[in-house]
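**Student:** Let me begin by handing over the structure; questions about it come next.
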Amino acid sequence: MDDKFYNRVGGDRISSRQIDELIGLARGLAADGTINKAEVEFLQKWLAANVEISNQPIIRTLYRRANEILDDDVLDSDEHSELLDTLNSFSNHDFELGEVLKPTTLPLCDPAPTLTFAGQLYCFTGTFNFGQRKHCEQAILERGGAAGSLTQKTDVLVVGAYATESWKHSSFGDKIVKATDWRDQGLPISIVAESHWARFL
């Protein structure tokens, strides 16, 4: 067997060990249901030191999220809940590494609607490739729309790319269930995936 084969197998083994270590780390950080700035710094340092596994989309997102939080030196409540969701899902093996949303398991509108922004009220739930929730909301505001909490006046609920098979049991699942109930009652609310929303930006 050639060196390339051994390098690839060895590399896979290192990557697998690092991912197991990260799962343990994520579980430890999320165990008490809260995360502080020192823990975000620790996570960011670990990810920086193990950058070779950052070709996995969820790990790249986790690294970017930690960097964004530390950039402005403030861990606000949205960042806190998004990071906690991501860590919980990651440590529970809810994420398929290297994959994102499997839309078939979510109650997305079919066919997916054409999206407009002016005068429309958007709500975001889950973990997004695009960036933190505040960045998604800013993209709506720049296009003449509004963004905020889920209410019966919400026009579109956007579900982040890293929604998981067990979305009903996740903290962001409540919004999806509520929006689905309202839609079933005849309210004109659309539920779309992040990938669909991003196409209209």
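The values are calculated or read from the model by the stated rules, or taken from the named source; none is laboratory data. In this text the structure is predicted, and so the values were computed from the model without any measurement. Methodologically, a virtual Cβ is constructed for each residue, glycine included, from the backbone with ideal geometry; neighbour enumeration extends over all protein chains shown. Quick note on the areas: whole protein, heavy atoms, side chains included, nothing else; ligands and nucleic acids left out. Shrake-Rupley method; radii C 1.70, N 1.55, O 1.52, S 1.80 Å.
**Student:** In this structure, does Thr104 turn out to be out of contact with any helix residue (DSSP H, G or I) (no Cβ under 7 Å at 6 or more places or on another chain), at pLDDT 80 or above and loosely packed, with under 15 Cβ neighbours inside 10 Å?
**Tutor:** No: the conditions fail for Thr104.
Residue-by-condition table, conditions (1) hydroxyl-bearing (Ser, Thr, Tyr); (2) modelled with pLDDT under 95:
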| position | (1), (2) |
| --- | --- |
| Tyr122 | yes, no |
| Asn129 | no, yes |
| Gln132 | no, yes |
| Ala146 | no, no |
| Thr154 | yes, no |
| Val159 | no, yes |
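**Student:** Still on this model: Name every residue in the stretch 110-160 that is closer than 16 Å to Thr86 by Cα, open to solvent by 10 Å² or more (accessible area, probe 1.4 Å) and assigned to a loop (DSSP other than H, G, I, E, B), in order of residue number.
**Tutor:** Scanning the stretch 110-160 gives Asn129, Phe130.
**Student:** Of everything in the stretch 50-68, what is free of Cβ contacts under 8 Å to residues at least 12 places away in the same chain and not in a helix (DSSP H, G or I)? Give them in sequence order.
**Tutor:** Within the stretch 50-68, Ser54, Asn55 meet the criteria.
**Student:** What are the residues in the stretch 53-85 that are at pLDDT 80 or above and among the basic types (Lys, Arg), if any?
**Tutor:** Selection gives Arg64, Arg65.
**Student:** Between a residue in the stretch 114-135 that is touching a residue at least 60 places away in the same chain (Cβ under 8 Å) and any residue that is among the hydroxyl-bearing types (Ser, Thr, Tyr) and not in a loop (DSSP other than H, G, I, E, B), which pairs come within a Cβ distance under 7 Å, given they are 6 or more apart or on different chains?
**Tutor:** If the second residue must be among the hydroxyl-bearing types (Ser, Thr, Tyr) and not in a loop (DSSP other than H, G, I, E, B), the pairs left are Thr127/Thr61; Thr127/Thr86; Asn129/Thr61.
Quick grid of which residues meet (1) surrounded by 15 or more Cβ atoms within 10 Å (Cβ to Cβ); (2) touching a residue at least 60 places away in the same chain (Cβ under 8 Å); (3) in a helix (DSSP H, G or I); (4) touching a Ser or Thr at 6+ places or on another chain (Cβ under 8 Å):
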| residue | (1), (2), (3), (4) |
| --- | --- |
| Arg27 | no, yes, yes, yes |
| Leu47 | yes, no, yes, yes |
| Leu70 | yes, no, yes, no |
| Val74 | no, no, no, no |
